[in-house]
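Working notes, beginning with the structure itself.
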Amino acid sequence: MEKKEYLIHGPIKSNTVAKYIDLQEKDQSLGAHSIFLGQVRNDIIGEKEVFKIEYSAYEEMVGKEMQNIENIILNKYKDVRKIHILHSTGDVKAGENSLFVMISGGHRIETRTACSETVDLIKEKVPVWKKEVFKDESYKWGKNS
Amino acid sequence: MNIKVLYFGVIADITGKQEDSFSEFASVKNLLNFLENRFPDLKRSKYQISVNQEIKKEEFIFNNNDEVALLPPFSGG
C-alpha cells in the first residue's frame, strides 16, 4: 500500500483544502463529506497573547498512529469510505489552520460522527506537541483541553 | 545492546538535547532509572515510553538497535 503523508510543514491553506475537495469529484458514489479544521487561537496565558504555535512531531510514529486511527474508523463506520488527515509541523500563526480532517462516505450522519471521533482520536493518540510562543519569543508547552 | 533514545516536547527541554545513544541498559526500567537520576526534573514530568514507535511498559527488555522515545502528553490539533 502507498504510504500516506499526514504531516505538512507550516499552516494548512485554503488551496490545500480545495485540492482535497476537488479530488472527490472522481468518486460519484460518495454523498457526504465532513470536514474539520483546527485553527490556532490567540489564547491569553498570564498576560501574554499566543502569537504562534510551533508544532513538533515524532514523524515515524505519527504515520503509524494515523493509520491505526483510519483503520479503527473504517471498521466502525461502514458508510465511511475515505479519510484524509493533515497535521501541521513547524510554525503556525494565530488565525491559521493546523489540522485538517475530511471524512467521505455515502451519507451525512456517519461521516459527521466519524469526523468528530477521528479528531478526538488524533488528539489522544498522535505524537505531536505544541509550543505556544508569545511575541517576546518566550513560550509555554501546550496542553490539550 | 545499542539503543537510540529520542526526547520530545518538554522532555527535550529538560534533557537539553533531542537524542542520545546508550549501550549499557537492558530494560526500559534501567534506562529510566539512569535518566531520572541525571535529570531530576524528569521525575516530576508525565511521559510515556515507546520502543520502535509502540507504547511499552517499564518491564520491556531492549533488543539491539531499538529506537526508544520519551513522549510527554500529546498536544496536537
Exercise. When the helix-only estimate is applied to the protein assembly as shown (DSSP H runs of n ≥ 4, each -39,500 (n - 2.57), divided by the residue count), what is the mean residue ellipticity at 222 nm, nearest 500 deg cm²/dmol?
Worked result: -9000 deg cm²/dmol
For this session: Round to the nearest 10 and give me the degree value, 0 to 90, for the angle of helix B:28-38's Cα axis relative to the longest principal axis of chain B.
Result: 50
Problem set entry | Packing-based exposure ordering (other Cβ within 10 Å, fewest first) of B:Ser23, B:Ser50, A:Ser88 | B:Ser23, B:Ser50, A:Ser88
Problem set entry | Peptide-level mean, for A:123-131, of C-beta atoms on other protein chains within 10 Å | 6
Seminar exercise, completed: So for the range A:1-97, using the alpha carbon gyration tensor with a ≥ b ≥ c as root eigenvalues (a/c under 1.5 gives rounded; past that, a/b versus b/c decides prolate or oblate), I'd call it prolate
Problem set entry | Separation of the A:Ser138 and A:Leu74 label points, Cα + 7 Å toward Cβ, nm | 4.7
Problem set entry | Residue exposure sequence - A:Tyr6, A:Tyr55, A:Tyr20 - by fewest surrounding Cβ within 10 Å | A:Tyr20, A:Tyr6, A:Tyr55
For this session: Just grab the label-to-label distance for A:His107 and B:Asn52, each label 7 Å out from Cα along the Cβ direction, in nm (one decimal).
Result: 4.3
Seminar exercise, completed: By the Cα gyration tensor axes a ≥ b ≥ c (a/c under 1.5 gives rounded; else a/b larger than b/c gives prolate, otherwise oblate), the shape of the protein assembly as shown is oblate
Problem set entry | DSSP-assigned coil residues among trypsin sites (Lys or Arg not before Pro) in the range B:34-77, each with at most 15 further Cβ atoms within 10 Å | B:Lys46, B:Lys57
For this session: Can you bin the range A:52-145 into rounded, prolate or oblate? Criterion: square roots of the alpha carbon gyration tensor eigenvalues sorted a ≥ b ≥ c, rounded for a/c under 1.5, prolate for a/b above b/c, oblate for the rest.
Result: prolate
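No lab work stands behind these numbers, since they all come straight from the coordinates. What you see is a predicted model; the values in this text were computed from it and never measured. No Cβ is skipped: glycine too gets one built from the backbone with ideal geometry, and neighbour counts run over all protein chains shown.
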